[in-house]
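Participant: One structure coming up, written as structure tokens, with questions to follow.
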Amino acid sequence: MKKFFGFFSLLCLALILVACGGIKLSFEQEEITIMIGDEVVLEPVISDDTLTLEWSSSELSVVKVDDSGKISGISVGSAEITVGVKDKKVSATIKVIVKEYDAELSFDKETVNLALGTSLTLVVDFQII
């Protein structure tokens with residue numbers, strides 16, 4: 001009985017590899033975090049770099065992806081980016097989380113008194129945290 005299940009398992013694996021054409025496709029990470037406005041090129045690990053890849057986003061209002069795998073953070077949220085091989089049944093997915101930048105502002109003076117008709121220049125320290 002063990003030999004039968006071992007043979008059956010090997011047969012299933014062989015059928016999967018034939019259906020996929022023996023292609024291996026994956027991402028090194030399960031998820032990444034980017035900020036609104038960021039652009040990042042995703043680089044999947046693929047066993048044959050001559051194949052044509054097709055990209056899609058589960059939430060285009062959150063993350064857009066172009067034909068080269070460049071993603072753009074559009075709004076706060078998360079989306080699944082899927083890359084597949086054209087005309088093959090193989091794909092890989094990565095979760096992309098999009099966040100807003102948090103910022104901190106500080107001025108060089110705590111209080112300011114101005115007379116009517118005068119001006120003052122304030123120095124602002126802006127830090128993204």
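Participant: The stretch 25-70: which GluC sites (Glu not before Pro) are DSSP loop and have at most 16 other beta-carbon atoms within 10 angstrom? Show your work: numbers first, answer last.
Facilitator: Numbers: sites: E28, E30, E31, E39, E54, E59; in loops: E28, E30, E59.
Those that pass, being in a loop and sparsely packed, are E28, E30, E59.
Participant: How big is the stretch 23-104 along each principal axis, measuring the range of its Cα positions in Å and listing the largest first?
Facilitator: In descending order, the Cα extents are 47, 21, 16 Å.
Participant: Give me the distance in nm between label points sitting 7 Å out from Cα along the Cα-to-Cβ direction at E30 and V123, one decimal.
Facilitator: Label at E30, label at V123, 4.7 nm between them.
Participant: How do L114, L60, L51, L42 rank when sorted from fewest to most other Cβ atoms within 10 Å of their own Cβ? Numbers along the way, then the final one.
Facilitator: Details: L114 8, L60 11, L51 16, L42 19.
If I rank by nearby Cβ atoms, fewest first, I get L114, L60, L51, L42.
Computed from the coordinates by the stated procedures, all read-outs in this text should not be read as laboratory data. The model shown is predicted, which means the values in this text are computed figures rather than measured ones. Note: ideal-geometry Cβ built from the backbone for every residue, glycine included; neighbour counts use all protein chains shown.
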